[in-house]
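The values are calculated or read from the model by the stated rules, or taken from the named source; none is laboratory data. None of the values given here were measured: they were computed from a predicted structure. As a convention, Cβ positions derive from the backbone with ideal geometry for all residues, glycine included, and neighbour counts pool all protein chains shown.
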Amino acid sequence: MSDNNINCEDNDCVVLDFSEIYKLTNRINKKFEKLQRNIIQKQNLTTAQYSILQQLWKNDGVQSKKLADACCCSQSTITGIVDTMVKNDIVFRKENPDDRRIQLVILTEKGKKLQNEAPKINSILDNCCGGFDPDDIDLLTILLKKLDKSFSDSDLDSC
């Protein structure tokens, strides 16, 4: 066990073992992805495509790099997903008028229409996570952000 898992104050040491938390967050993530995949597949979308669409529905005309950052994956992964979405007429690429070296990913009419047809992430969560009151959600959000930040502080990417 590393020194990061030991907290000592006044010669009183407490072992901090986060392995159970990591197991739980991993298991919850897998369950969420499975639920999301089951619902989204009805629209002939992958979860990765849905993640990109969510970003574009918020702000259309985004660089691949920004999509990669928002979706927590590499630019090469985004390129492959966007290529498929272009073939399916969901998005298209356009040169950035301010910098021709940069390509923007833009929704087609079909991609825009999917926003009304695709299930909202909140409806997915409402079906499985109804037992939390707002205070529980606030506390959990604070703690998970703190955990996420701890990875950033240790020179690891936040995704």
**OP:** Any chance you could count how many residues in region 53-76 are in contact (Cβ under 8 Å) with a residue 60 or more places away in the chain and not in a helix (DSSP H, G or I)?
**Re:** 2
Subject >> Answer from 80, 61 - the residue that is touching a Leu at 6+ places or on another chain (Cβ under 6 Å) and under 24 Å from residue 100 (Cα atoms) >> reply: 61
**OP:** Hey, can you tell me all the residues within region 1-52 that are modelled with pLDDT under 65 and either of a type in the set (Ser, Thr, Tyr) or not in a strand (DSSP E or B) (or both)?
**Re:** 1, 2, 3, 4, 5, 10, 11
Original post:
When both residues are 6+ apart or on different chains and their Cβ atoms are under 7 Å apart, which pairs have a first residue that lies in region 23-36 and is assigned by TED's automatic domain parsing to the domain that holds residue 50 and of a type outside the set (Val, Ile, Thr), and a second that is modelled with pLDDT under 90 and not in a helix (DSSP H, G or I)?
Top reply: 35/128
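Being modelled with pLDDT of 90 or more and surrounded by 16 or more Cβ atoms within 10 Å (Cβ to Cβ): is that true of residue 55 here? Give the derivation first.
On the way: modelled with pLDDT of 90 or more: yes; surrounded by 16 or more Cβ atoms within 10 Å (Cβ to Cβ): yes.
Criteria met by residue 55.
Go over the candidates 137, 142, 124 one by one and state the one that is at pLDDT below 80 and in a helix (DSSP H, G or I).
Details: 137 fails: at pLDDT below 80; 142 fails: at pLDDT below 80.
The match here is 124.
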